[in-house]
Each structure stands twice: as C-alpha cells, then as structure tokens.
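The structure appears below as structure tokens.
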Amino acid sequence: VYTRLYTLTGNRKYMIFADAEFKATYNHLYDKEEKLFFRDSRYFNQKEANGQKVFWGRGNGWVIGGLAEILKTLPADDSEYRPFYLQLFKEISERLAGLQNKDGFWHASLLDPASYPSPETSATGFIVYGLAYGVNQGYLPADKYLPVIEKGWAALCSAVESDGKLGWVQPVGADPRKVTKEMTELYGTGAFLMAACEIYRLVR
C-alpha cells in the first residue's frame, strides 16, 4: 500500500516508512541460513517432527508474492531500494524452487513435508505466481525455473474440481496444519488467479 502511494503521489516519506517496516521484519524473522521467513518469533526454537525448523509454506508464499508486488511498484530506475528487494526475491525464489515436492505442490511445512503429505494450494499458488512473474520479467532464468513453474501449475490445475472449486487450501491459522481436499478459502482462489495471469503472460 505504501509503495503504491509513493509512486502515485511522489511523496518519498511513504517509501521510507514502507522500507523501514519491511526491513524491521526482515531483520527479525528472516533466517539467513535457511533463506526462509519464520511466521513470528514464537517459532524460533520450535522444531518439526523430523527436527527441522518450522517454516510455513503459505507464509513464505505470501513473502514471494509480496516481493513481486513491491518490484512491480518500485520505479524501474530506482537504485536506492530496488537492489535489496530484487536480491531477496532471487534468493527466496531459488530456495523455494528447491523445496517443491515431487507432486508439484509445496506443502504446509516446507522442511517437513512427510508430516504434512497433503497438497496445499494457497502456498503453491503464491509461489507459482512469484516464480512465473520473475521469469516474465527476466529476473529469473527461464531454463532453470520453467520446469518448476510448469509442474506447479499442473498441480494447481489438478486441485480444481469440476464445479470450479479449488481444494486443498489450508484454513486461516498461525502455523502449518493438515489439509483436506474439501478445504477452500478465498485467498487460495486469489493466489490461483494471480498465478494464472502470469502463466498466461508466460505462454502468450
């Protein structure tokens, strides 16, 4: 919101505020070893059943989707803020691409998919959106990311029922949860449609 106000009004104070807020979150919640964001500080010392740290699929999906929106908003010639967000976008894109499951989905818990074996379409939708946007803009190499994007998009399409309902969407929550085919939420559909728009641009 603040970055859009900045570009619409030309008022620099909005960008300064938005950047400071984002970087406060980044400095507090970004794990530089894992290249993933914690949901909040309560998870710093928590572990999944396999002993790995707790990183929520959809939570990191929000991040890559949000970074794409920031990059859309920042002026193309900006040299003060853009380099940080573009570098972070590339970094988290590479990490998330490597965490895709064999079924094409990203699961509720990124580092312990065995404990959360079911698909999770809101995380998958946001991540496919971010990766496809990155390829479309030339930020990410197509030869490396297209197979990931195509596999993710096929997985998303397989979760759409004959009546148009998107299933396997984890409900509102604060951590990874088990998901069923019957579960759906508006933000899952929104992520699917955002991904669809970038897929359309990709194949056009």
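Taking the criterion of being in contact (Cβ under 8 Å) with a residue 60 or more places away in the chain, under 16 Å from Ser93 (Cβ atoms) and either in contact with a Gly (Cβ under 7 Å, 6 or more places away or on another chain) or in a strand (DSSP E or B) (or both), the only residue of segment 24-60 that qualifies is Leu36.
Annotation: of all residues in segment 176-204 being among the basic types (Lys, Arg) and farther than 30 Å from Lys47 by Cβ, the one that is most open to solvent (accessible area, probe 1.4 Å) is Arg204.
Considering only segment 53-70, I want to know if a residue exists there that is basic (Lys, Arg) and open to solvent by less than 30 Å² (accessible area, probe 1.4 Å).
Step one: list which residues in segment 53-70 are basic (Lys, Arg), which gives 53, 58.
Checking the rest, the ones that are also open to solvent by less than 30 Å² (accessible area, probe 1.4 Å) come to 58.
Looking for residues that are basic (Lys, Arg) and open to solvent by less than 30 Å² (accessible area, probe 1.4 Å), one finds at least one in segment 53-70, hence yes.
Determine if segment 68-84 includes at least one residue that is without any contact (Cβ under 8 Å) to a residue 60 or more places away in the chain and β-branched (Val, Ile, Thr). No, segment 68-84 contains no residue that is without any contact (Cβ under 8 Å) to a residue 60 or more places away in the chain and β-branched (Val, Ile, Thr).
Within the bounds of segment 125-144, is there any residue that is open to solvent by 10 Å² or more (accessible area, probe 1.4 Å) and on the phi > 0 side of the Ramachandran plot? Yes - at least one qualifying residue is present in segment 125-144.
Taking (1) surrounded by 14 or more Cβ atoms within 10 Å (Cβ to Cβ); (2) not in a helix (DSSP H, G or I) in turn, Tyr85 satisfies each apart from (2). Looking for whichever is under 24 Å from Asp175 (Cβ atoms) and within 14 Å of the chain's Cα centre (by Cα) here; the options are Gly51, Gly134, Gly125. Which one fits? From the options Gly51, Gly134, Gly125, the qualifying one is Gly125. Return the pairs, sorted by first residue and then second, in which the second residue is open to solvent by less than 10 Å² (accessible area, probe 1.4 Å) and among the acidic types (Asp, Glu), the first residue lies in segment 123-145 and is at pLDDT 95 or above, the beta carbons are less than 8 Å apart, and the residues are 6+ apart or on different chains. From segment 123-145, the pairs are Val128/Glu198; Tyr129/Glu198; Ala132/Glu198; Tyr133/Glu198; Asn136/Glu198. Quick check: is even one residue across segment 95-115 assigned to a helix (DSSP H, G or I), at negative phi, among the basic types (Lys, Arg) and surrounded by fewer than 19 Cβ atoms within 10 Å (Cβ to Cβ)? Scanning segment 95-115, I find at least one residue that is assigned to a helix (DSSP H, G or I), at negative phi, among the basic types (Lys, Arg) and surrounded by fewer than 19 Cβ atoms within 10 Å (Cβ to Cβ), so the answer is yes. Within segment 69-83, is even one residue touching a helix residue (DSSP H, G or I) at 6+ places or on another chain (Cβ under 7 Å), within 13 Å of Pro176 (Cα to Cα) and among the β-branched types (Val, Ile, Thr)? Looking through segment 69-83, none of the residues is touching a helix residue (DSSP H, G or I) at 6+ places or on another chain (Cβ under 7 Å), within 13 Å of Pro176 (Cα to Cα) and among the β-branched types (Val, Ile, Thr). Residues being over 16 Å from the mean Cα position of the chain (by Cα), assigned to a loop (DSSP other than H, G, I, E, B) and on the phi < 0 side of the Ramachandran plot: count how many of those fall in segment 145-171. Total satisfying the criteria: 7.
The values are calculated or read from the model by the stated rules, or taken from the named source; none is laboratory data. The shown structure was predicted, so the numbers you read here are calculated from the model rather than taken from an experiment. Quick reminder, even Gly has a Cβ in these numbers, built from the backbone with ideal geometry, and neighbours come from all protein chains shown. Note: areas computed on protein heavy atoms with side chains; ligands, DNA, RNA excluded. Shrake-Rupley method; radii C 1.70, N 1.55, O 1.52, S 1.80 Å.
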